[in-house]
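Each remark here refers to the structure printed beneath this line.
The values are calculated or read from the model by the stated rules, or taken from the named source; none is laboratory data. No experiment lies behind these values; they were computed from the predicted model shown. Positions of Cβ are backbone-derived with ideal geometry, glycine not excepted, and every protein chain shown enters the neighbour counts. The protein model used for the area step is the full one, side chains on, heavy atoms only, and it has no ligands, DNA or RNA in it. Shrake-Rupley method; radii C 1.70, N 1.55, O 1.52, S 1.80 Å.
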Amino acid sequence: MKFMKLGTRPDIFFTSESVRTISSEVSTDLRIEVDDSLYHLHKFPLLSKCLRLQTLCNESADTSEAATIKLPAFPGGAEAFEICAKFCYGITITLSALNFIPARCAAEYLQMTDDADRSNLVGKLDSFFKSCILRRWKDTVLTLQCTRQYAALCKELGMTGRCIDAVTAMIVNHPAKANCYHRGWWAEDISELEIDLYWRVMVAVKSAGIVSEKTIGEALQVYAVKWLPNMASEEGHQSEEEVAEATLKHRLLLEKIVSLIPIQRGSVTCSFLLRLLKAANILSASMSTKMELVRKIGVQLEEATLSDLLIPSLAYGNDDVIYDVDIVMNILEEFMLQGQSPPTSPPREKFMSERRRSRSAENVEFLAQENSRRSSSSSHSSKLRVAKLVDGYLQVIARDKNLPMEKVIALAEAIPDFARPDHDDLYKVIDAYFRAHPEMDKNARKQLCRILDCKKLSVEACVHAAQNELLPLRVVVQVLFFEQARAAMSGSQMSDLPTGIKALIAKSAIGDEQKDASKLSNFGNATSLDDEWSISGLKYSKSKIATLKMKLAEDEDIDDDFIPRESLMRSTSSRFKALCSIPSKPKRMLSKLWPMNRSISERH
C-alpha cells in the first residue's frame, strides 16, 4: 500500500474535558462542532485554507465572543475533519487508500482548493490519487470500496468512475493472467465490492470482450457464495423488519448477478444456476429473473443432479406440495426445445447453367454434415441422461401425499420414448405414488399406469409387478403376457423362464393358497430406492388367490384395448386368441399363460 505524508510539525492536538484543542501560547478564537466533537482552534490557519469556514464565519452574527460553527453531516466525521485541521496547522498527516476517500470528501466540503491558498489539500490529494492509487491494484480496489460510503459526492467528483476504469483496465490488460482457471487473480479482490460497484466493474469487463466468459462465470460464483447467505439459517435470529430488509437487499443482489451471467453455455455450472433458482424462489425474485434462470438451466440440464432439482415450494404447508414441480416442468420444456432442429430450407431449383461445385465447397458441406451428426448424437445422449434424471426426480416427489397425479403424468410424458430404454424407474414411480396415495380409485390407478410400457420392464421388475397388489389387474396380466411372449419369441421352454415368473405362473395355475415356496418382501417398506430394488431382497409373500379373485371382480370392466390384441391375433394359436378375452376366474386365466408358450415353441 502506498502512503503520502504531508506536513512537518509534531502532533499537538489533545483532549481536555471532552474538547479537542491544540497546544499553543495563543488563545483559541474559533469553535467548531463536528458530530458530537467540539474543537477549540484558531481562525487564522483554518480560514486561510478553507473557503467554507470563511463564509460561515462571515455569516455569523455573534462577534462579541468566539464564534461556534456547526458542521452537521460532515463527510468522514470528526476523524476526517481533524486531518484537514492538522494540514492547516502544518502537522504531519499520513494518507493512504484507507483514509483517502474521507479526507478528499472532507477537503472538498471545506473548499480547501487553490482558490483559497496555493498548494492546498485538494490539489495534493488529487495528485496522490492519480500518480499512486490508480496505478496500484489493491489501492484502487480499496479506494473504490470506500466510495460507497460517500456515493453521491464521490460520483460528483468523478472518483468512482475513475476507480472503475482503472480496475477494468488492469483486468483486461492482462488477459492471460485474468483467464487462469483459479478464478483469476482479481475475482476474490473485487468480490469485496458492494453490488452496484461490482456490477459496474463486471459490465465494463464483459464489454471489453477480452476476458473469457468462463472466467467471468467463475468470478460470479465467487461473489454469489460470499454475498448470498442461507436465508433459512438467518431468519430465526432476526426480527420481521430485519428479515424483510435483508430479503429486499438479497433479492436485488440476486437479480444483478443473474443479469451478469454470460450467454455462453457452460460459463457457469448447472448446479450453480439451480442454486440461484432456489434462492430466487426463497427471495421472491421477479418472474423475468426466474425465467432467465430457467432458460439457462434448460440449455445444460443434463449436467444437473437429483439434489439440484429438489427446489422447495414456497407455499409448502399441510395441503401443499413439498417441491416446486411446475418450475422443474418449465426447465424440462426448455431443455426439450434446445434439441429441436431448425426447419430445413426448401430445395434449390436446378438450372441447366448450374456450375459444378468446387471441391472446397464439397468439403465445407461434408464438415457441416459431420458437425450436425455429432450434434444429433450429443442431443440423443443428453436426452438419455435427462430421462434418467427426471425418473429419479419423479421417484422422490411421488412420495408426496399432496402431489397431483396429473403432474406426475405430465413430467413422465415430457420425456421422448426413445430416451427410456427401460421402464423400471417409471414402474418405481408408479408404485411409490400408489403407496403414498392409498385412497386412489380404480380409474385413477389405471390412468397413471398408462405411462408404463410393460414391454420395457426387466425380469426383476416383472417379478415385482406380478406380485404387486396395488397395481390394476390388467397391468399384472399384461406384465405376465409380455414375459410369456418374450419367452415365446426366443423359443424358450419352461426351464428357460426366469425363476420368479415360472414360480408365479405355477403357483397361480395350481391355486394352492398355502404354498409359500418363495416369498416377495413388501416393496414399499424400504426407504432406499436402491434397496427396494435389489433382487436379493425379493421374497415371495403370502399372495393369495382370494386377493386375486377380489381384484378380478373389481376389474370386470377391464378395457380390451389395454392388451395389444393386434399382436395376439397375428398368432394362429387358439391359446393366444383365448388370452384376449379375460376369463372370469383367475385360476383359468393364469393357467393359460404358460401353455401358450409351449404351443408356439412346438410349432417351430
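Restricted to segment 128-144, and to residues that are free of Cβ contacts under 8 Å to residues at least 60 places away in the same chain and surrounded by fewer than 19 Cβ atoms within 10 Å (Cβ to Cβ), which residue is nearest to Ser191 (Cα to Cα)?
Out of the qualifying residues, it is Trp137.
What number of residues in segment 113-127 are closer than 18 Å to Phe3 by Cβ and either among the hydrophobic types (A, V, I, L, M, F, W, C) or in contact (Cβ under 8 Å) with a residue 24 or more places away in the chain (or both)?
Of the residues in that region, 3 qualify.
Looking at segment 76-109, which of the residues that are surrounded by 22 or more Cβ atoms within 10 Å (Cβ to Cβ) and not in a helix (DSSP H, G or I) is nearest to the chain's Cα centre (by Cα)?
Of everything passing the filter in segment 76-109, Ala97 is nearest to the chain's Cα centre (by Cα).
Which one is nearest to Lys401 (Cα to Cα) among residues in segment 445-462 that are part of a helix (DSSP H, G or I) and open to solvent by 20 Å² or more (accessible area, probe 1.4 Å)?
The qualifying residue nearest to Lys401 (Cα to Cα) is Arg445.
Does Arg118 satisfy the criteria of being open to solvent by 50 Å² or more (accessible area, probe 1.4 Å), part of a helix (DSSP H, G or I) and not polar (S, T, N, Q)?
So Arg118 fails the test.
State the number of residues belonging to segment 79-122 that are modelled with pLDDT under 95 and small (Gly, Ala, Ser).
2
Could you go through segment 30-53 and let me know if any residue there is open to solvent by 30 Å² or more (accessible area, probe 1.4 Å) and of a type in the set (Gly, Ala, Ser).
Yes, segment 30-53 has at least one match.
Mind checking which residues of segment 234-284 are in a helix (DSSP H, G or I) and basic (Lys, Arg)?
Lys249, Arg251, Lys256, Arg275, Lys278
How many residues, within segment 21-54, are out of contact with any helix residue (DSSP H, G or I) (no Cβ under 9 Å at 6 or more places or on another chain), part of a loop (DSSP other than H, G, I, E, B) and modelled with pLDDT of 95 or more?
Result for segment 21-54: 0.
All but one of (1) surrounded by 13 or more Cβ atoms within 10 Å (Cβ to Cβ); (2) at pLDDT 90 or above; (3) more than 30 Å from Val141 (Cβ to Cβ) hold for Met4; state the number of the condition that does not hold.
Checking Met4 against (1) surrounded by 13 or more Cβ atoms within 10 Å (Cβ to Cβ); (2) at pLDDT 90 or above; (3) more than 30 Å from Val141 (Cβ to Cβ), the one that fails is (3).
Please specify each residue of segment 394-424 satisfying the condition of being free of Cβ contacts under 8 Å to residues at least 60 places away in the same chain, buried (at least 20 other Cβ atoms within 10 Å of the Cβ) and among the charged types (D, E, K, R).
Arg420
Working carefully through the options Lys442, Lys502, Lys446, Lys455, find the one that is at pLDDT below 55 and not aliphatic (A, V, I, L, M).
Going through Lys442, Lys502, Lys446, Lys455 in turn, the sole match is Lys502.
How about segment 7-20: which of its residues are surrounded by fewer than 17 Cβ atoms within 10 Å (Cβ to Cβ), touching a strand residue (DSSP E or B) at 6+ places or on another chain (Cβ under 7 Å) and either aromatic (Phe, Trp, Tyr) or part of a strand (DSSP E or B) (or both)?
Matches in segment 7-20: Arg9, Phe13, Phe14, Val19.
For segment 240-261, give me the residue count where each residue is of a type in the set (Gly, Ala, Ser) and within 19 Å of the chain's Cα centre (by Cα).
1
Quick check on my filter: what residues within segment 293-307 are polar (S, T, N, Q), open to solvent by 60 Å² or more (accessible area, probe 1.4 Å) and either in a helix (DSSP H, G or I) or closer than 17 Å to Gly217 by Cα (or both)?
Ser307
List the number of the failed condition for Arg385; all other conditions in (1) among the charged types (D, E, K, R); (2) in contact with a Lys or Arg (Cβ under 8 Å, 6 or more places away or on another chain); (3) open to solvent by 20 Å² or more (accessible area, probe 1.4 Å) hold.
(2)
State whether one or more residues within segment 247-270 are open to solvent by less than 10 Å² (accessible area, probe 1.4 Å), hydroxyl-bearing (Ser, Thr, Tyr) and in contact with a helix residue (DSSP H, G or I) (Cβ under 6 Å, 6 or more places away or on another chain).
Checked against the condition, which is being open to solvent by less than 10 Å² (accessible area, probe 1.4 Å), hydroxyl-bearing (Ser, Thr, Tyr) and in contact with a helix residue (DSSP H, G or I) (Cβ under 6 Å, 6 or more places away or on another chain), segment 247-270 yields at least one hit.
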